[in-house]
Amino acid sequence: MMGFQWPVKILLIHPQAPFLMRDKIVVSADCAVLLNEEVGEQFRGGSPVIIGCPLLEDPNRMMNKITLFIKETKASEVAVYAMEVPCCHALHMMVTRAIRETGKEINSKHYIVRVYSREVEPYKPGVLDESMIRAERETHEDH
């Protein structure tokens, strides 16, 4: 079955899983795949979507796995979707670093999913706006 993928979590997937041997891979924050229909549709449409949370999972293990995926995959494109909250931006940095470390020619496209509107926008490295700061405060203020 061409569109079948399991597991979906970054830390559970084998770097040579058959579903990763495609032209495009989507790397998404757990929340982004649930909040934005566009990301969820890619998964339901058969595109490989791997998910993780850079805040709640071991970032070193995630980085190592992402690097292995980039090294082993046949993909020429990686799309990264993270939530707008600053803690989620680590996912963008991990993918960018993994591509650089492997030296592969992979086109990466980076997006953020806005918390309240659920809209997708291009990610701008190093840019934090008021909406991002507000979402971060509201999410983690009491934790």
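The values are calculated or read from the model by the stated rules, or taken from the named source; none is laboratory data. Just so we're clear, the structure is a prediction, and the values are computed from it rather than from any experiment. FYI the Cβ positions are ideal-geometry reconstructions off the backbone, even for glycines, and counts take in every protein chain you see.
Mind checking which strands (runs of 3 or more DSSP E) fall wholly inside the stretch 15-101 and carry at least 1 residues that are among the aromatic types (F, W, Y)?
Working: elements: 24-29, 49-52, 77-83.
Answer list for the stretch 15-101: 77-83.
Scan V78, V113 and give me the residue that is under 26 Å from Q16 (Cα atoms) and of a type in the set (A, V, I, L, M). Step through it out loud before you land on a result.
Values: V113 fails: under 26 Å from Q16 (Cα atoms).
Result: V78 is the single residue among V78, V113 that is under 26 Å from Q16 (Cα atoms) and of a type in the set (A, V, I, L, M).
So is V85 over 22 Å from P18 (Cα atoms), β-branched (V, I, T), buried (at least 16 other Cβ atoms within 10 Å of the Cβ) and touching a residue at least 40 places away in the same chain (Cβ under 8 Å) or not?
yes
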TODO: Inspect all residues belonging to the stretch 47-66 and state whether any of them is of a type in the set (A, V, I, L, M), touching a Lys or Arg at 6+ places or on another chain (Cβ under 6 Å), buried (at least 21 other Cβ atoms within 10 Å of the Cβ) and more than 15 Å from Y111 (Cβ to Cβ).
DONE: no
Task: Selected residue (criterion: surrounded by the most Cβ atoms within 10 Å (Cβ to Cβ)) from residues of the stretch 123-143 that are at pLDDT below 80 and either in a helix (DSSP H, G or I) or among the acidic types (D, E) (or both) - done: T139
